Amino acid sequence: MPTKNISAAANDLNITITVEQVVKALNGLNAKQRSAFIEDLLAATNSEYLDSIKEARTDYRHGRVKSHKEVFDA
């Protein structure tokens, strides 16, 4: 597999990591950890998803919530 560097900057932290290093790290995770990582990665790169989380938190703070029973007990 050819080496391709991936550079990222978050605040003042600059890192360079190869694709092979990412693959190795992902292979070191169990299925549950890998699923959580992918979910976090998708969330961090999807503005619609992040906006929906902000909206849900606002709804919760303002009491706009329903219990499990209200939603699922027909």
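The values are calculated or read from the model by the stated rules, or taken from the named source; none is laboratory data. What you are looking at is a predicted structure, and each value in this text was computed from that prediction instead of being measured. Please note: Cβ atoms are built from the backbone with ideal geometry, for glycine as well, and neighbour counts cover all protein chains shown.
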Query raised in the report: In the stretch 53-74, how many are modelled with pLDDT under 90 and in a helix (DSSP H, G or I)?
Result: 1
Report task. Starting from the stretch 38-66, keep only residues that are at negative phi and surrounded by 10 or more Cβ atoms within 10 Å (Cβ to Cβ), then list their pairs with residues that are of a type in the set (A, V, I, L, M) and assigned to a helix (DSSP H, G or I) whose Cβ atoms are within a distance under 6 Å, requiring at least 6 positions of separation or different chains. Result -> Y49/A43
